[in-house]
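Okay, structure first, notes after.
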Amino acid sequence: MGYKKIIIKNGLVFNGENFIRKDIYIADGKISKIENKINLKAHVVYNAKGFIVAPGLIDIHTHIYGISDDCFGTPAPSSFFPFGVTTAVDAGSVKGNKFLLENMKLGAYTFPSVQIKNDCVEFYKIEKMLHTFGDRVVGIKTYIDSSNGDVLSSQPLKKVIAFAGGKGLKVMVHCSNSSIKMEEIIDLLRPGDILTHPYHGGDNNALLNDFSALKKAKEKGVIIDTGMAGHIHTNFEIMKKCISAGLYPNTISSDLTNLSVFQRGGNYGLTLCMGVMRAMGMPETEIFKAVTTNAAAAIGKESNLGYIKIGSRADLAVLDYGFHPFNFNIDPGNKIKGNYSYNCKLTLCDGQIVYKEKNLDHRIKILI
Ligand SMILES: [Zn+2]
C-alpha cells in the first residue's frame, strides 16, 4: 500500500522537547516539513485546532497477547492505537513468538522474564527466547515480590544483573510487595536499568528513609517507571507524596493487562495514566517527555523515536486535552479524581492513519 501525503494543521505540537504551534507535512511515511503554515497539496488534511500533536506515544510496560502469558496479554494493536500508542514493550515475555511481534503494525519490543523461586533463578528457559527475538529484546524482567516467588535476598537479582550485563541487556525490576528494601535494589541496578511500580503500597515502599531509594535512582540514572497497572501496584497516596517531593517518574507506562484493559468502560490506557500524573501535579512537559523521548531512551534502540523531526517516521498521536473530569478507583481507599485529561482523537503509525475517533469527520478533508 502506498503512502498518502497528509497535513496535520493548526495543532499544538510537542516535538519531544517543547510545545510549538506548527503544521506538519507527511510524505512517504516520514515527517517532511514542520512549518508555521503549510498549504501544499495532500491526500488528507486534518485540522488539529485545539489539540496536542505528539510523537506516537511509547508505553514501555505492557502485556501483549501471544507474547506475555495468556492471562495477562492484551490484543495488539487494538489495545494501543486508540490511546495514541505506536510503540509498546511487552514487559514479561514468556512466549517466543517472533513472527507475531514482527508483524504487529506498531513498534514492539520485549523484556523476556525470569522468575525467582526459593531464592534461585534459572536462565535456560529464556536463552532461546533471547536468541529468537534478537534485537527486539530491550532487557530482562524479574520480580522482587514476596507474593510472586520466594525472594529472600538480593542474591538472585545480582545473578540476573550479571547475566544481563554479559549480553549487553537492561534489567527491569518489578518491586511491588518487595521482600528487600527498594534502596538495596537501586544500589544493585546500573544506570539505564528500570525500576517499575515504584509507587506501590506494599512492604519496603518508596516512603522509607525520606524517599532515599528514588533520590538515589535519580542520582544514579536508574529509570523510574510508573507501571500504573490500573488495578494493583499503585498507591495514589504514596505516589502523590513522591510527586510532591519532585520525584517524577522518568517514564509513564500503563502495565496494561487483560485484567485492566476492559475496566472503566475500556478507557484504561496510557492517556488515562497521563491524566493521573497531571492530577498528581506532574508538569505537562515532563508528562509528554515521559511517554515519548524518555521512553524512547529507556528502550535505547532507535535514534529518532519519540521526536517529531524532519525525516523521522510519521508516528503521531493527536490528543484532545483540557477539562474532562475522571474518577480512577483502584479500591475504596485508593482512588483519585482528576479534572484534566487527554483523549486520543487520531493516531498515525508509520505514516498511515490507524485510529480515528468517530464524529471527527468535520476535521478531516480527503482531497485526492
Ligand atoms: Zn506488568
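The values are calculated or read from the model by the stated rules, or taken from the named source; none is laboratory data. Worth saying up front: this structure is predicted, and the values here are computed from it rather than measured. FYI the Cβ positions are ideal-geometry reconstructions off the backbone, even for glycines, and counts take in every protein chain you see. SASA here: full protein model, heavy atoms, side chains in, ligands and nucleic acids out. Shrake-Rupley method; radii C 1.70, N 1.55, O 1.52, S 1.80 Å.
What to note about this one:
- A single entry from V85, V89, V53 fulfils the requirement of being at pLDDT 95 or above and away from the ligand (no atom under 16 Å from the Cβ): V53.
- For the stretch 16-38, filtered to residues that are surrounded by 21 or more Cβ atoms within 10 Å (Cβ to Cβ) and touching a residue at least 40 places away in the same chain (Cβ under 8 Å), the residue that is nearest to the chain's Cα centre (by Cα) is I31.
- One residue stands out among those in the stretch 144-168 that are part of a loop (DSSP other than H, G, I, E, B), under 11 Å from I180 (Cα atoms) and away from the ligand (no atom under 15 Å from the Cβ): the one that is most open to solvent (accessible area, probe 1.4 Å), which is L152.
- Residue among N267, N209 that alone is on the phi > 0 side of the Ramachandran plot and either open to solvent by less than 10 Å² (accessible area, probe 1.4 Å) or among the polar types (S, T, N, Q) (or both): N209
- Residue among D145, D193, D187 that is closer than 26 Å to T87 by Cβ and among the acidic types (D, E): D193
- Filter pass, K41 being of a type in the set (K, R) and either touching a residue at least 60 places away in the same chain (Cβ under 8 Å) or not assigned by TED's automatic domain parsing to the domain that holds I194 (or both): yes
- Test for F111: is it farther than 23 Å from K159 by Cα, open to solvent by less than 60 Å² (accessible area, probe 1.4 Å), touching a strand residue (DSSP E or B) at 6+ places or on another chain (Cβ under 6 Å) and aromatic (F, W, Y): no
- Of the residues making up the stretch 60-82, those that are within 14 Å of the ligand (Cβ to nearest atom), within 14 Å of the chain's Cα centre (by Cα) and either within 15 Å of K105 (Cα to Cα) or open to solvent by 50 Å² or more (accessible area, probe 1.4 Å) (or both) number 2.
- Among the strands (runs of 3 or more DSSP E) confined to the stretch 291-366, the ones with at least 1 residues that are loosely packed, with under 13 Cβ neighbours inside 10 Å are located at 316-331, 334-349, 364-366.
- Residue that is surrounded by the most Cβ atoms within 10 Å (Cβ to Cβ), among those in the stretch 212-231 that are within 16 Å of the ligand (Cβ to nearest atom) and closer than 23 Å to K170 by Cα: M228
- Residue match in the stretch 33-40 (condition: touching a helix residue (DSSP H, G or I) at 6+ places or on another chain (Cβ under 8 Å), more than 16 Å from the ligand (Cβ to nearest atom) and closer than 18 Å to D315 by Cα): no
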